[in-house]
Amino acid sequence: MQRLISGIRALMVALTMIGFSAVAQPQSWQNIRQQANGQTVYFNAWGGDPAVNGYLDWVSREVKTHYGVTLKVVKLADAADAVRRIQSEATVGRKTNGSVDLLWVNGENFSVLKQAGLLSENWAENLPNWRYVDVKKPVREDFSVPVDGAEAPWGSAQLMFIGDKKRTPTFPQNAEQLLAFAKAHPGKLSYPRPPDFTGTAFLEQLLIVLTEKPAALKTAPDPGTFEQVTAPLWRYLDQLHPFLWQKGKTFPPTPARMDRMLADGELLLSVTFNPAHVDNLIARRQLQPSAESFGFSAGMLGNVHFVAIPANSSAKAGAQIVANFLMSPEAQIRKADPAVWGDASVLSSNALPPPHKAQLEDLVPKSQHPVPFLAEPHAAWVNALEQAWLQRYGSR
């Protein structure tokens, strides 16, 4: 009987470990696991959110328990700080034993590091848990820059509007309807003032759906064609702004401010880049249960956030172990839970085993109206749009 119980326990442990490693892994992955055991990985990540920090504390415990990898999270105020360190190390010829082993990187910083040849490439799609990734999301390009296996996805986000069905029974479904809605409700709409991240994303969203030269957004802006490509955006904003809050002469500084204005009835719509945000606001009683998130029927700007491994990392095997774990069903399900973080998964639920599929689908925000993802323009458009917006509207 004791042997039977021991055998059952062993089987249960083995089944539990499926989420932490592939069932039939290639020898190369086994070699990576062996190399990673005992390594310390310095993971440079934004540290400005207690929910994110708590989640990464859990990740640290898990990779230590299951892989023998010690994860040291270096909390950053701005990922650009780590990018500058990596660049400085390259300048002095530090090709090994870098200070950063894994980096939570955004599209702009990824583009800078990749172009300079400062990232390890062709590893991400070899991770065992890649098989679960939803490749319909922009996981093979980052701000229109090809990823080339140089970073692994671990979360996704999408620009969405927030409204209250009781006050707004019919939400606008495209840019033309949004303009008509603003004219019908003068003073009740706005957007965060660029260069706020969400405000700039709003500009990108409008540019994507309005420009007559969409192919131009796949590459860095050309000064010779910039005005032609962006002209429809500025014409649209010139029509929209007079009907906005404060007649478009001033703008809310952040989405959080807009959320409060929506709750107070000062605005009819707010914006977010987190699909679970509305559920969280409802749970905290900051918005009514009738609040919902929605987007244009043709799609809304979406992105994926990634982790990358610098070329001079001293713990590349351990960094791959951590990146693979971050994509595991267990880690993605936990991260998607609003009670933990509420960050949307990069996995396709249809690719998961039935129990994980059900768990992940149950965490889809109840208040969200899903719409297609629209890939972001090239990273260089962010600064170009912000500067052009500030020139036209920033001094009003």
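By counting other Cβ atoms within 10 Å of each Cβ, how are ASP148, ASP49 ranked from fewest to most?
Ascending Cβ contact count within 10 Å gives the list ASP49, ASP148.
Take the cross-link list LYS188/LYS366; LYS72/LYS136; LYS183/LYS249; LYS165/LYS247; LYS64/LYS335 and give me the ones stretching past 28 Å between alpha-carbons.
Violating the 28 Å limit, Cα to Cα: LYS72/LYS136.
Work out how much length ARG284 to SER297 would gain on full extension: take 0.36 nm times their residue separation and subtract the Cα-Cα distance, in nm to one decimal.
Contour length minus the Cα-Cα distance gives 1.8 nm.
Treat the count of other C-beta atoms within 10 Å as a stand-in for reagent exposure and order THR70, THR225, THR230 from fewest to most.
THR225, THR70, THR230
Which residues make up the longest stretch of the chain clear of GluC sites (Glu not before Pro) that lie in a DSSP loop with no more than 16 other Cβ atoms within 10 Å, not counting the sites?
267-396
Can you tell me which of ASN174, ASN106, ASN324 moves the most in a GNM of the chain? Springs connect C-alpha atoms under 10 Å apart.
Result for the chain, Cα springs under 10 Å: ASN174 fluctuates most.
Kindly write out, for region 212-217 in residue order, the coupling ³J(HN,Hα) from the Karplus curve 6.51 cos²θ - 1.76 cosθ + 1.60 (θ = phi - 60°), rounded to whole Hz, with x marking Gly and Pro.
8, 10, x, 4, 5, 6
Say R0 is 41 Å: what FRET efficiency, to the nearest 0.05, do LYS72 and ASN350 get from their beta-carbon distance?
FRET efficiency, LYS72 to ASN350: 0.70.
What number, in percent, do you get for the relative contact order of the chain if the mean sequence gap of Cα pairs under 8 Å and at least 6 apart is divided by its residue count?
Relative contact order for the chain comes out at 27 percent.
Let me have the 222 nm mean residue ellipticity of the chain computed from DSSP H runs of 4+ only, each contributing -39500 (n - 2.57), with the sum over all residues rounded to the nearest 500.
Using -39500 (n - 2.57) per qualifying helix, the result is -12500 deg cm²/dmol.
I need the per residue convex hull volume for the chain, using only the alpha carbons, in cubic angstrom as a whole number.
Per-residue hull volume (Cα only) is 151 Å³.
Could you please rank ARG167, ARG334, placing first whichever residue has the fewest other Cβ atoms within 10 Å of its Cβ?
Least crowded to most crowded, the residues run ARG167, ARG334.
Between region 227-243 and region 131-206, what's the alpha-carbon centroid distance in Å?
18
Quick check: the distance between the Cα centres of region 352-396 and region 72-93, to the nearest angstrom?
Here the two parts' Cα centres lie 26 Å apart.
Taken together, the values in this text are just the output of simple stated rules run on the coordinates, not laboratory data. Not measured: the values here are computed from a predicted model. Please note: Cβ atoms are built from the backbone with ideal geometry, for glycine as well, and neighbour counts cover all protein chains shown.
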